[in-house]
Amino acid sequence: MSAMERIYQIDQMLGNRAFVTRSELEERLGISWATLKRDIAYMRDRLHAPLIFDRNLGGYRFEKAGQRIGPQYELPGLWFSAEEIHALLTMQHLLSNLDTGGLLGPQIQPLLARLTGLLGTADNPAEEVQRRIRIQTVGAREFHLDHFQAVGSALLRRKRLVIRYHARGTDEVTEREVSPQRLNHYRDNWYLDAWCHLRDGLRAFSVDAIEHAEILDKKAKDVANKRLDEMLGSGYGVFSGDQITWAVLRFTPERARWVASERWHRNQKGKTLEDGSYELQVPYADDRELIMDIMKYGSDCEVIAPEALKDRVAAEFESGLARYRK
């Protein structure tokens, strides 16, 4: 019998009776006094069970009198699904990376404690789950916590921001007044979707490239979700644009076994061809990020259409080979 199964039986026994003696619990569960003490401590500390030993009755019972302060007692399911474990670990990972010792520390710590408690309500303790399951961050860039806090505050309060932004592509630093619309966590990095009053259009800003952020006492311009998705969500990656082109990519049979299960874009189309290769179609407005993903597959990925994308990828490969030969 697993630890969680024993806890369910203890809960059932205490719920059906006024009290239960130690000997009754040990006999029913077939465990030692040391194991029973650990189970009781787990119910109290991790599940917040109002479980007490009543000396007058000579047994254990649930305290039902008075108003309970703090987290409520609730038995979890016997296990978490793969999706639930991933969601909990991802939330814990994101919160941890917001620097618990910084400005948001007091707000984040209770959430982290609660997540740790939830992870530990499965058959294995939280420490074992975290040791056995890891979420590794690759390519995440550091950002200033105070800037992140200003962005988040302005976003929720619907206020405008003045930001000093470093565009890495052009290596230019500009000052922008923006109306924040939403925050996206994409490929382990944070992006702010906002209306840029300087450019008079929607833009996606890397939060880590914001060098200064100041909240203005001016109401933010609101953009409809449909328009946001059309401009910032319809194309491939984080680059914006409303002129959508469809890329047709073909992967070798060897690589097809992986790509067929991957999600490149929410509107992608894919099919397995007669020779075992895989054809993937994805929409894009700006080809920069798409080209980077195509190139990492090397000769296992062939651009079928459009011709402009095929030429761009070929030129990138030639440029890379030329640098390598040097």
Given the conditions (1) crowded, with 16+ Cβ neighbours inside 10 Å; (2) free of Cβ contacts under 8 Å to residues at least 40 places away in the same chain; (3) not assigned by TED's automatic domain parsing to the domain that holds R160, report the number of the one that D193 does not fulfil. (3)
Report, by residue number, each residue of the range 274-308 that is touching a strand residue (DSSP E or B) at 6+ places or on another chain (Cβ under 6 Å) and among the basic types (K, R). none
Criterion violated by A204 - all others in (1) outside any loop (DSSP other than H, G, I, E, B); (2) modelled with pLDDT under 90 satisfied: (2)
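Matching residues to (1) over 22 Å from the mean Cα position of the chain (by Cα); (2) more than 20 Å from E142 (Cα to Cα); (3) modelled with pLDDT of 95 or more; (4) not assigned by TED's automatic domain parsing to the domain that holds M292:
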| position | (1), (2), (3), (4) |
| --- | --- |
| Y165 | yes, no, yes, yes |
| G169 | yes, no, no, yes |
| R176 | yes, yes, yes, yes |
| D188 | no, no, no, yes |
| K219 | yes, yes, yes, yes |
| Y236 | no, yes, no, yes |
Within the range 146-172, tally of residues that are among the acidic types (D, E) and either assigned to a strand (DSSP E or B) or closer than 12 Å to A209 by Cα (or both): 2
Positions within the range 27-55 being closer than 13 Å to Y8 by Cα and charged (D, E, K, R), in sequence order: R28, D39
Hey, among the residues in the range 251-266 that are in a loop (DSSP other than H, G, I, E, B) and in contact with a strand residue (DSSP E or B) (Cβ under 6 Å, 6 or more places away or on another chain), which one's farthest from G169 (Cα to Cα)? A260
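Condition check ((1) assigned to a loop (DSSP other than H, G, I, E, B); (2) among the basic types (K, R); (3) crowded, with 18+ Cβ neighbours inside 10 Å) across all residues:
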site	(1), (2), (3)
R227	no, yes, no
G241	yes, no, no
L249	no, no, yes
E274	yes, no, no
Q281	no, no, no
I304	no, no, no
E318	no, no, no
Residues of the range 10-29 being assigned to a helix (DSSP H, G or I) and surrounded by 15 or more Cβ atoms within 10 Å (Cβ to Cβ), in sequence order, are I10, D11, M13, L14, R22, L25, L29
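The values are calculated or read from the model by the stated rules, or taken from the named source; none is laboratory data. As the structure is a computational prediction, the values presented were derived from the model and not from experiment. Please note: Cβ atoms are built from the backbone with ideal geometry, for glycine as well, and neighbour counts cover all protein chains shown.
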